[in-house]
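Participant: Sharing a structure, written as structure tokens. Questions coming.
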Amino acid sequence: MIDIKNLSIQFTGINLFENVNLRISKHDKIALVGSNGTGKSTLLKLLYGIERPETGEIFRQKGIRIGYLQQDLISSKGQTLFAEVKSSLPNLKSLDERETEIIEGLNSPTLLDEDREELLEELGEIHHKKDEIDFYAADSRIEKVLVGLGFKNKDFERSTAEFSGGWQMRIQLAQILLADNDLILLDEPTNHLDLDTLTWLEEFLQSFKGSLILVSHDRHFVDSVTNKTLEVFDKQIGFFPGNYSAYLKFKDERDIQLRVQQKTQEKKIKETEKFIERFRYKSTKSKQVQSRIKQLEKLDSISIAEEEKKIELRFPEPPRSGIVPVELKNISKSYSELSVLKNVDLLIERGDKIAIVGPNGAGKTTLAKIIGGKLAPTTGEIIYGHNTIVSYYEQEVANALNPEDDLIDTLEEMNNDLSAGHIRSILGSFLFSGDDVFKKVKVLSGGEKSRVALARLLLTQSNLIILDEPTNHLDFSSKEILKRALAEFTGTLIIVSHDVDFLESITTKILEIRDQHVKVIVGGIDYYLQKKKEDAQIDINNKTTEQKNTRKDQKRLEAEVRQQKFVLTKDLKAELTRCENEIRKLEELKVKLESELIDPNIFSNPQLSKEKNLSYEKTKSQLEIQYNIWTEITDKLEQIDEQFGI
């Protein structure tokens, strides 16, 4: 479908690609990967035709249709949403206009018979073409794609100029998906999509019959829609026959082999150089010396991708908060006439790792800001528990950084005890290395400022951290470092994100916002997505059949609920039994000590009496601790009972 022959291109004197040869075939679903700055976006532009190679050629199959979603969005203006998207469908408008012209011509009283025959023949061809492209189902297809991408039916007649940047990207994406392209090029399509839309797009691309090349830092999404990996490495581009996760395993094995080969080569070079230096001025060895010099000149150095530093970042141990760091009571929030949240009751427990999910515009950021104290509710009460210390991260936090500080000063002000090396390590994990650490905040891009704000967050002493879309400007390795740090964080965590791979090893609860209400799902993001698929399937089944669930199905569902409850309560009940046994033993010991303390043989003996009193006070203290543990466990069990409607 596309053949690349001996392609080379450079920017600012540095070669991105050298003599690249590559073929893109029909039905290839490709993940395009490589370190930052290696030329992934440039390759997409070359394939689309925006950029041209310095040397070499790109041969495209005749008549091939290519759709390209780039990071730099172009706003759509001048038409309604529906009309704008419909105008992108190939031949749709021209066929319709020509059909109208022919019909008007056929109605002309002065039309000659021979001209009438020609127009009727052309009209038949137009009808045939319309059938080929499924013309009469176009409106239905457009509606399906727009709804899948998160637009409401009421949006269809709105002017495209009214939509913000993220929605402009969806308009372009809708046009690309509907345009019957043979090849789709997508450069970071997930940044502006919510979880519902991502799930829909994932399913669409899985069933897409054409070819796909995708650049994305969302590993879950990439693995779901691609089956090949195209790697930009050492100024070359090579195929790997597997998805991104399989490629990573291959890459690790390859790098091990390359390091072995590199060491062997370095040893050979040293030996050769030693021979040359030793016999350089010996006439009897001149031929051997010249031969070795030529060997060195012909030797191709073995390149290895720069090894990612294995930095282990950890949040400092936060002060311990109360059992309930924050509670929301009957919270509602409105903006003028628009109601976003309604009568929300929410109890967040110490140690919860929560993801807030829902469609764009549902109120995810609004809820996060209310919990973080950044936004006042319209009605209701927010109660912070004992010793709750909140840190709130959002993209706009970056604007609050001191523009005159350099990056080291910006982090150092969070913790004066950090060494320069530790600060450099933290900044390095967020893509700031070398002299970058001395840059002033004011010269950074928006994405760079966001990464600095995240780096500062690692140094916080807060025990309740709220993150709103923390991964938008992070690559795979930086996300992994932040993910590990958050997974090990011992405080309470709330994340607004659609990045499934980022959330899956962190979160233990999901807050889903829909139709102004908040639903709590106990379990990780994988469980939530699986449950959503099951619920969606149930909805489909309910629409296609009028039969009610049999008692057998009901028992199965009840068994699943019982199993979920058992999983959630198993460890708690075991801990409760242990606690009750400990309480019984301590209560028995307390009664025994009380009887001994009134025994004349003991209280008349000062030394023995002192020992018994100490034992008694210690027992009372231990008993109080166990009572508190018992109360905490029973409260959690009661909350689980309430969750399951018991």
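The values are calculated or read from the model by the stated rules, or taken from the named source; none is laboratory data. None of these values were measured; they are calculated from a predicted model. Note: ideal-geometry Cβ built from the backbone for every residue, glycine included; neighbour counts use all protein chains shown.
Participant: Any idea how many residues of segment 59-71 are surrounded by 12 or more Cβ atoms within 10 Å (Cβ to Cβ) and more than 26 Å from the chain's Cα centre (by Cα)?
Facilitator: Qualifying residue count for the region: 5.
Participant: Something else about it: If I go through segment 247-270 residue by residue, how many of them are of a type outside the set (A, V, I, L, M), farther than 29 Å from Asn227 by Cα and loosely packed, with under 13 Cβ neighbours inside 10 Å? Let's see the steps before the verdict.
Facilitator: Step one: of segment 247-270, the residues of a type outside the set (A, V, I, L, M) are 247, 249-255, 257, 259, 261-268, 270.
From the residues that got through so far, the ones that are farther than 29 Å from Asn227 by Cα too are 261-268, 270.
Still in the list and also loosely packed, with under 13 Cβ neighbours inside 10 Å: 261, 263-264, 266-267, 270.
Residues flagged as of a type outside the set (A, V, I, L, M), farther than 29 Å from Asn227 by Cα and loosely packed, with under 13 Cβ neighbours inside 10 Å within segment 247-270 amount to 6.
Participant: Inside segment 498-527, can you point out the residues that are of a type outside the set (A, V, I, L, M, F, W, C) and buried (at least 22 other Cβ atoms within 10 Å of the Cβ)? I'd like the intermediate steps shown before the answer.
Facilitator: Taking segment 498-527 first, the residues of a type outside the set (A, V, I, L, M, F, W, C) are 498-499, 501, 504-505, 507-509, 512, 514-517, 519, 523-524, 526-527.
Result: His498, Asp499, Thr507.
Participant: Filter segment 148-161 for residues that are farther than 24 Å from Asp187 by Cα and either touching a residue at least 12 places away in the same chain (Cβ under 8 Å) or assigned to a helix (DSSP H, G or I) (or both) and give the result.
Facilitator: Asn153, Lys154, Asp155, Phe156, Glu157, Arg158, Ser159
Participant: Has segment 77-96 got any residue that is buried (at least 16 other Cβ atoms within 10 Å of the Cβ), under 30 Å from the mean Cα position of the chain (by Cα), at pLDDT below 85 and of a type outside the set (Val, Ile, Thr)?
Facilitator: Yes, segment 77-96 has at least one match.
Participant: Exactly one of these conditions fails for Gln530: (1) without any contact (Cβ under 8 Å) to a residue 12 or more places away in the chain; (2) over 19 Å from the mean Cα position of the chain (by Cα). Give me its number.
Facilitator: (2)
Participant: Do the conditions hold for Leu258, that is, is it under 25 Å from Asp475 (Cβ atoms) and in the same structural domain as Glu18 (by TED's automatic domain parsing)?
Facilitator: No.
Participant: Restrict the check to segment 140-152 and report whether at least one residue is over 21 Å from the mean Cα position of the chain (by Cα), closer than 21 Å to Ser94 by Cβ, charged (D, E, K, R) and surrounded by 12 or more Cβ atoms within 10 Å (Cβ to Cβ).
Facilitator: yes
Participant: Separate question: From the list Leu464, Leu427, which one is in contact with a Pro (Cβ under 7 Å, 6 or more places away or on another chain) and in contact (Cβ under 8 Å) with a residue 12 or more places away in the chain?
Facilitator: Leu464
Rundown of residues vs (1) out of contact with any Gly (no Cβ under 8 Å at 6 or more places or on another chain); (2) acidic (Asp, Glu); (3) surrounded by 13 or more Cβ atoms within 10 Å (Cβ to Cβ), yes/no style:
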{"position": "Lys570", "(1), (2), (3)": "yes, no, no"}
{"position": "Ile583", "(1), (2), (3)": "yes, no, yes"}
{"position": "Glu588", "(1), (2), (3)": "yes, yes, no"}
{"position": "Asn601", "(1), (2), (3)": "yes, no, no"}
{"position": "Lys610", "(1), (2), (3)": "yes, no, no"}
{"position": "Asn613", "(1), (2), (3)": "yes, no, yes"}
{"position": "Ile629", "(1), (2), (3)": "yes, no, yes"}
{"position": "Ile633", "(1), (2), (3)": "yes, no, yes"}
{"position": "Gln643", "(1), (2), (3)": "yes, no, yes"}
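Participant: Another one. Kindly indicate the residue of segment 357-393 that is in a loop (DSSP other than H, G, I, E, B) and free of Cβ contacts under 8 Å to residues at least 60 places away in the same chain and also surrounded by the fewest Cβ atoms within 10 Å (Cβ to Cβ) among those meeting that condition.
Facilitator: Going through the qualifying residues, I end up with Ala376.
Participant: So which residues in segment 398-442 are surrounded by 14 or more Cβ atoms within 10 Å (Cβ to Cβ) and in contact with a strand residue (DSSP E or B) (Cβ under 9 Å, 6 or more places away or on another chain), if there are any at all?
Facilitator: Asp405, Asp406, Leu407, Val437, Lys439, Lys440, Val441
Participant: Further question: So Glu18 ticks every box in (1) outside any loop (DSSP other than H, G, I, E, B); (2) free of Cβ contacts under 8 Å to residues at least 40 places away in the same chain but one. Which box is left unticked?
Facilitator: Looking at each condition in turn, Glu18 falls short on (2).
Participant: Inside segment 468-530, counting only strands (runs of 3 or more DSSP E) that do not spill past its ends, which hold 1 or more residues that are out of contact with any Lys or Arg (no Cβ under 7 Å at 6 or more places or on another chain) and not aliphatic (A, V, I, L, M)? Walk me through it before giving the result.
Facilitator: Working: elements: 492-496, 509-514, 517-522.
The strands (runs of 3 or more DSSP E) meeting that bar are 509-514, 517-522.
Participant: Here is a follow-up. For segment 175-186, give me each residue that is surrounded by fewer than 22 Cβ atoms within 10 Å (Cβ to Cβ) and either assigned to a helix (DSSP H, G or I) or modelled with pLDDT of 90 or more (or both). If you could, list the steps in order and put the result at the bottom.
Facilitator: As a first pass, look at segment 175-186 and keep what is surrounded by fewer than 22 Cβ atoms within 10 Å (Cβ to Cβ): 175-176, 178-182.
Scanning segment 175-186 gives Gln175, Ile176, Leu178, Asp182.
Participant: OK, next. Of everything in segment 279-289, what is part of a helix (DSSP H, G or I) and in contact with a helix residue (DSSP H, G or I) (Cβ under 9 Å, 6 or more places away or on another chain)? Give them in sequence order.
Facilitator: Scanning segment 279-289 gives Phe279, Lys285, Ser286, Gln288, Val289.
Participant: Please specify each residue of segment 15-58 satisfying the condition of being among the basic types (Lys, Arg) and within 31 Å of the chain's Cα centre (by Cα). Outline the logic, then answer.
Facilitator: Just the residues of segment 15-58 that are among the basic types (Lys, Arg), to begin with: 23, 26, 29, 40, 45, 52.
If the condition is that a residue be among the basic types (Lys, Arg) and within 31 Å of the chain's Cα centre (by Cα), then Arg23, Lys26, Lys29, Lys40, Lys45 are the ones that fit.
Participant: Looking at Val500, Val496, Val520, Val561, can you tell me which residue is touching a His at 6+ places or on another chain (Cβ under 9 Å), in contact (Cβ under 8 Å) with a residue 12 or more places away in the chain and of a type in the set (A, V, I, L, M)?
Facilitator: Val500
Participant: Where in segment 194-278 are there strands (runs of 3 or more DSSP E), lying wholly inside it, with at least 3 residues that are over 30 Å from Gly150 (Cβ atoms)?
Facilitator: In segment 194-278, the matching strands (runs of 3 or more DSSP E) lie at 228-233, 236-240.
Participant: Hey, among the residues in segment 34-51 that are out of contact with any helix residue (DSSP H, G or I) (no Cβ under 9 Å at 6 or more places or on another chain) and of a type in the set (Val, Ile, Thr), which one's surrounded by the most Cβ atoms within 10 Å (Cβ to Cβ)?
Facilitator: The extreme case among them is Thr38.
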